[in-house]
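Read the figures in this text as sums done on the coordinates, not as results from a lab. Only a predicted model underlies this, so the values are computations on that prediction, with no experimental measurement involved. Cβ atoms come from the backbone with ideal geometry, glycine included; neighbour counts cover every protein chain shown.
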Amino acid sequence: MASHDKSFRAGETKDRTEEKTDRAMGAVRDKAEAAKDKTYDAAQAAKDKTHESKDQSGSYISEKAGAAKQKASETAEATKEKASRAAEQVKSMAQGAKESVKHTFGMAGDEDQDRDDPTLYRDNPPRYT
């Protein structure tokens, strides 16, 4: 009977061991499942935050690009106006130089001559008859 008793105890020990192993494996499975869920939630949160950051960055960049475009447009318009004024000044100066050269060489027409200006005719004053 001793061997039957030992055999019975061995069977009980084996059953208890299997039961403990099953419980331990169940606990490990539960922890693994919880870790998997936690990892998934963290990854999803990171993904959402990345999209949110991307949207915010895109808005910021878009806003700054619009402001830079507006500034460039204003600068171009101001430059265009300054160039136009400078061109008018150059044109006016060229016209003045042309008239001066015409007077110097006596090529100015009567409508261009100022008869009352004594400096124009120092050597040959006009004769009025």
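Rounded to the nearest 0.05, what FRET efficiency is calculated for Val90 and Ala68 with R0 set to 30 Å and r the Cβ-Cβ distance?
For R0 = 30 Å, the calculated efficiency reads 0.40.
What dipole magnitude, in Debye to the nearest 20, does segment 2-105 give about its Cα centre under +1 on Lys/Arg Cβ and -1 on Asp/Glu Cβ?
The calculated dipole for segment 2-105 is roughly 660 debye.
Among Gln44, Thr104, Thr75, pick out the residue whose Cα is farthest towards the positive end of the charge dipole of segment 2-105, where Lys and Arg carry +1 and Asp and Glu carry -1 on C-beta, about the Cα centre. Farthest towards the positive pole: Thr104.
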